[in-house]
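Working notes, structure below.
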Amino acid sequence: MLIDTHAHLDDRKFAADLPAVLERARQAGVVKIINAAYDLPSCRRAIALAEEHAFIYALVGIHPHDAGRLPADYLEQLAGMAGHKKVLAIGEIGLDYYRDLSPRSVQQQVFRQQLDLARRLDLPVVIHDRDAHGDILSILKSDGVPRRGGIMHCFSGSLEMAQECMKLGFYISLAGPVTYPNARRLQEIAARLPLERLLIETDCPYLAPQEHRGQRNEPAYVALVAQEIARLRGMEVDALGRAVVANATALFGEM
């Protein structure tokens with residue numbers, strides 16, 4: 001039993017063969033997939049996909065890349081979609097100082113607004129953080145974290161940052177980069193994280209594990225992430241999978 005806690009199945013890279021992708025995921029033992037949105041149209045696509053497939057769930061939120069192109073009523077639209085029975089959290093939201101596709105001040109404003117929305121709706125948050133560790137932590141500490149916490153998606157910070165995030169109520173999710181030979185810091189984190197705070201994901205179609213590096217990623221490959229983390233922790237893959245499913249259920253509720 002495995003769960004891919006972060007995918008982008010509505011990406012056009014899956015347009016030609018999504019049924020085959022989903023079948024490979026099932027064959028790999030994936031029992032749930034959480035499909036993350038990044039703008040208003042992808043929120044609607046994520047919900048539609050979740051409606052079509054019993055084992056797919058949705059996140060709704062605005063990615064920092066898209067923070068500069070929002071209608072005035074975007075929060076009202078998000079709030080309406082967040083009430084759907086298959087929407088689990090507000091996400092992915094956060095800051096991205098690597099590409100800086102939206103002004104940083106706008107990214108921060110939209111991040112704060114969505115954090116406030118999640119607090120008001122009593123939903124977890126799924127956070128994107130790229131080269132913005134300090135500001136992410138500062139905003140979370142100053143503004144407040146939703147009661148139900150959330151996920152630091154595709155975690156790229158230090159072990160010390162992971163510990164700070166866990167204190168705030170977050171789970172740490174690891175993806176394909178943990179399988180890369182030079183990812184020593186991530187591998188140390190994977191080995192040392194408390195098992196009850198660990199999640200895994202693909203972030204597909206991006207960040208394929210080492211065995212498929214440079215190719216399109218897909219949910220079936222979350223098994224490769226699980227295998228590497230289990231190896232690093234000296235435990236059975238099945239035990240890791242059960243723990244991750246239990247952690248996701250503790251965060252999101254029964255799915």
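Here are the numbers for this structure:
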{"item": "Peptide ranges 63-70, 229-236 listed from the most packed, as the mean C-beta count within 10 angstrom indicates", "result": "63-70, 229-236"}
{"item": "Pairwise label distance in nanometres, Ala191 with Glu254, each label 7 Å out on the Cα-Cβ vector", "result": "4.0"}
{"item": "Correct option for percent of Cα pairs over 31 Å apart [calculated from the coordinates] among [x] 30; [y] 16; [z] 24", "result": "[y]"}
{"item": "Glu23 - accessible surface, heavy atoms, 1.4 Å probe, Å² rounded to 10", "result": "80"}
{"item": "Phi to ³J(HN,Hα) by Karplus 6.51 cos²θ - 1.76 cosθ + 1.60 over segment 140-148, Hz, x for Gly, Pro", "result": "4, 6, 7, 8, x, 9, x, 3, 8"}
{"item": "Heavy-atom surface of segment 138-255, accessible at 1.4 Å and reported per residue (Å²)", "result": "42"}
{"item": "Accessible area per residue, Å², segment 20-123 with all protein chains present, probe 1.4 Å", "result": "41"}
{"item": "Whole-percent carbon and sulfur share, accessible surface of the chain, 1.4 Å", "result": "49"}
{"item": "Relative contact order for the chain, counting Cα pairs under 8 Å that sit 6 or more residues apart, in percent", "result": "20"}
{"item": "Mean Cβ count within 10 Å, highest first, over the residues of peptides 72-79, 84-91", "result": "84-91, 72-79"}
{"item": "Computed label-point distance, nm, for sites Arg120 and Asp17 using a 7 Å Cα→Cβ extension", "result": "4.4"}
{"item": "Accessible area, probe 1.4 Å, largest first, for residues His212, His8", "result": "His212, His8"}
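The values are calculated or read from the model by the stated rules, or taken from the named source; none is laboratory data. Model, not experiment: these values are computed from the prediction. Here the Cβ is made from the backbone with ideal geometry for all residues, glycine too, and neighbour counts use every protein chain on show. These area figures cover heavy atoms from the full protein model, side chains too; ligands, DNA and RNA do not enter into them. Shrake-Rupley method; radii C 1.70, N 1.55, O 1.52, S 1.80 Å.
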